[in-house]
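Enquirer: One structure coming up, written as C-alpha cells, with questions to follow.
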Amino acid sequence: MTRFTDFETLTRPRTPNTFLVAPDGVCQSADPDQESPIIPMAASDLSRKLRGIVEAEGSWKDLRVSDDGMKMHFVAVSSLLRFKDDVSIEIIPDASDPGHSTLAIYSASRVGHSDLGANRKRVRGLLGLLG
C-alpha cells in the first residue's frame, strides 16, 4: 500500500529546500509559501491533466496515484547531479461548484540545505501548465 502526504498534518523542515502551495485552511501544521489557485476544472479532469503532465516530463519518475486519483506522488530528478526531490499533490474538489477544484502541492529536496529555488520553480511551472 502506498502512503501519500497528509497535507493536514504536514510539517516542514527548517531548511529552505521545500516549497508548499495549498488552499487556506488545508495545512494545519505548515505555512504555505503560496495559496493555491481555483482551477476551472472538475477534480477528475484535473487529475487526468496532471497525470498527463507528469508522464510527459522526462525527468519526473515513479508516478504513484491513489485509487480515487485525487492524490499523487512522483520523484523529480535533476539533470546535472541527479538529485531527487519528492513531489506530492492532492486535488481538492470545490464542494460548492463541481466544475472547479484546487490542489495542494509540496515539493521537497531529499538532500542538502538549499535547493537554489528548484522546488519553487518546479511547483510554479506545474501550476502554469494548468492555467
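The values are calculated or read from the model by the stated rules, or taken from the named source; none is laboratory data. Small disclaimer: the values here were computed from a predicted structure and weren't measured. Backbone-built Cβ (ideal geometry, glycine too); neighbour counts: all protein chains shown.
Enquirer: Exactly one condition in (1) surrounded by 13 or more Cβ atoms within 10 Å (Cβ to Cβ); (2) over 28 Å from PHE83 (Cβ atoms); (3) not aliphatic (A, V, I, L, M) is false for GLY25; which is it?
Expert: (1)
Enquirer: Okay, moving on. Can you find even one residue in the range 117-129 that is in a strand (DSSP E or B) and among the small types (Gly, Ala, Ser)? Spell out how you get there, then give the answer.
Expert: In the first step, residues of the range 117-129 are kept if they are in a strand (DSSP E or B); the result is none.
No: zero hits.
Enquirer: Now, a different point. For the range 39-76: of the residues being more than 15 Å from the chain's Cα centre (by Cα) and not in a loop (DSSP other than H, G, I, E, B), which is modelled with the lowest pLDDT?
Expert: Keep residues of the range 39-76 that are more than 15 Å from the chain's Cα centre (by Cα), which gives 40-42, 44-45, 56, 58-59, 67-68.
Filter once more, keeping what is not in a loop (DSSP other than H, G, I, E, B): 44-45, 56.
Details: SER44: 97, ASP45: 97, ALA56: 94.
Within the range 39-76, the match that is modelled with the lowest pLDDT is ALA56.
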